[in-house]
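The values are calculated or read from the model by the stated rules, or taken from the named source; none is laboratory data. Just so you know, these numbers come straight off a predicted model, no measurement behind them. For neighbour counting, all protein chains shown are included, and Cβ atoms are generated from backbone atoms with ideal geometry for every residue, glycine included.
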Amino acid sequence: MLARILFDIALMSAIGVTLALIMVIAQRWLSNYGEVTVNINGKRDLKVKGGNSLLATLSDSQIFIPSACGGRGSCGACKCQVHEGGGPLLPTERPLLSKPEQADNIRLACQIKVKSDIKIQIPEEIFNIRRFPSVIEEIIDYTYDIKGITFKLQDGVTIDFKAGQYVQLETMPYGKVKQKVVRAYSISSKPEINDRIQLIIRLVPEGICSTWVHKFLQVGDKVNFTGPYGDFYLRDTEADILFVAGGSGKAPIKSMLEHLQEVGTNRKMTYFFGARTTKDLYLSEEFRNFENVFDDFLYVPVLSHPSAEENWDGRTGFVMPYFKEAIRDPQNTEAYLCGSPGMISAVTKSLIEHGIPEDKIYFDSFG
């Protein structure tokens, strides 16, 4: 009886090993698409090994499509037009593509697997995006969960960007995380300093990249990032400005104001910064100083949950009720917003109700 049981166990084990081996061989055979061609804008052919996502395939060829979520299919930033070879539209793409976009063959590069020759269309400016090697020069603790990180570019390299744009930071393996991930962060330093950049990064619970930054990154570490990306930048007009941000959303606003300090401006500007308590406030003195730099600038922090012990005598609640104090001519006002999708939605609705044209409301939304 025991011999029979041992025989059955050995037989099942052998069957299991055989099936696993068959699956490995089949997977290698099925995923071996050989060499395929990616035609870009009808002008350039890339000969690549098939099987990877279009986003990763282009990145391997030093062509960097924006992807704020690092290719997880949640941000919708990696849109491109696919003329041929993209396969059917996937369920993971539909929620992030409008009906007109779907009709125009717009796809998410992170969701398309390059299995055969493919023809795509991407904006020409993407070819100006580069990968930058850098070394960590400084790490500042702004709050209990927000750090300012300065990246010094190496080998005499410089970066040209517009105040408000972002880069995509590439992590290194750490702890149980064995592969690099890519996440988007706004540049907080001014474009006039082009041999280094600063990022302001908030610790996200269980966030792979922010955990790496807050708990593993050290001065002297070598780090790569790509960029610059984004159309969130200051428009060159004479319109009044409302800045609205919270948390690490202060980063692009800091870059914009530091840039305006360099070039000069007479524009009326108000910055509403939303936070929960006083411990979530940071760089307050620096932003107060802008009131002495510009002729008509006001920094307005608003706390949603200050405790009695904090003795906070400033504005409380949400930022929206205070907009009417700052808007003097809605039709001649621009708004620049940076924060969570929920914040962006609520603030945009309020600004439109106050008469600010929707096409003059610019935002950088992060989840």
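Name the single residue, out of those in the stretch 135-148 being assigned to a strand (DSSP E or B) and of a type outside the set (D, E, K, R), that is surrounded by the fewest Cβ atoms within 10 Å (Cβ to Cβ).
It comes out as Ile140.
Among (1) touching a Pro at 6+ places or on another chain (Cβ under 6 Å); (2) at pLDDT below 95; (3) not charged (D, E, K, R), there is one condition Phe232 misses while meeting the rest; what is its number?
(1)
Under 7 Å between Cβ atoms, which residue pairs at least 6 apart in sequence (or on different chains) link something in the stretch 197-217 that is assigned by TED's automatic domain parsing to the domain that holds Val182 with a partner that is of a type in the set (Asp, Glu)?
If the second residue must be of a type in the set (Asp, Glu), the pairs left are Arg202/Asp145; Leu203/Asp145.
Can Thr333 be described as among the β-branched types (Val, Ile, Thr) and more than 21 Å from Ala163 (Cα to Cα)? Show your work before the answer.
Working: among the β-branched types (Val, Ile, Thr): yes; more than 21 Å from Ala163 (Cα to Cα): no.
Answer is no for this residue.
Any idea which of Ile344, Ile356 is touching a residue at least 12 places away in the same chain (Cβ under 8 Å), more than 30 Å from Cys209 (Cβ to Cβ), in contact with a Ser or Thr (Cβ under 7 Å, 6 or more places away or on another chain) and not in a strand (DSSP E or B)? Full working, then the answer.
On the way: Ile344 fails: more than 30 Å from Cys209 (Cβ to Cβ).
It is Ile356.
Which of the residues belonging to the stretch 273-313 are within 18 Å of Ile146 (Cβ to Cβ) and either of a type in the set (Phe, Trp, Tyr) or assigned to a strand (DSSP E or B) (or both)?
Result: Phe273, Gly274, Ala275, Tyr282, Phe287, Tyr299, Pro301, Val302, Leu303.
Name the residues in the stretch 295-330 that are under 16 Å from Ile253 (Cβ atoms) and of a type in the set (Ser, Thr, Tyr), would you?
Tyr299
Being at negative phi and touching a strand residue (DSSP E or B) at 6+ places or on another chain (Cβ under 8 Å) is the filter here, so list the residues in the stretch 312-324 that pass it. It would help to see each step written out before you state the result.
Residues of the stretch 312-324 at negative phi: 312-316, 318-324.
Within the stretch 312-324, Trp312, Gly314, Arg315, Thr316, Phe318, Val319, Tyr322, Phe323 meet the criteria.
Report whether or not Val177 is more than 17 Å from the chain's Cα centre (by Cα) and farther than 22 Å from Ser345 by Cβ. Walk me through it before giving the result.
Values: more than 17 Å from the chain's Cα centre (by Cα): yes; farther than 22 Å from Ser345 by Cβ: yes.
Against the criterion (more than 17 Å from the chain's Cα centre (by Cα) and farther than 22 Å from Ser345 by Cβ), Val177 qualifies.
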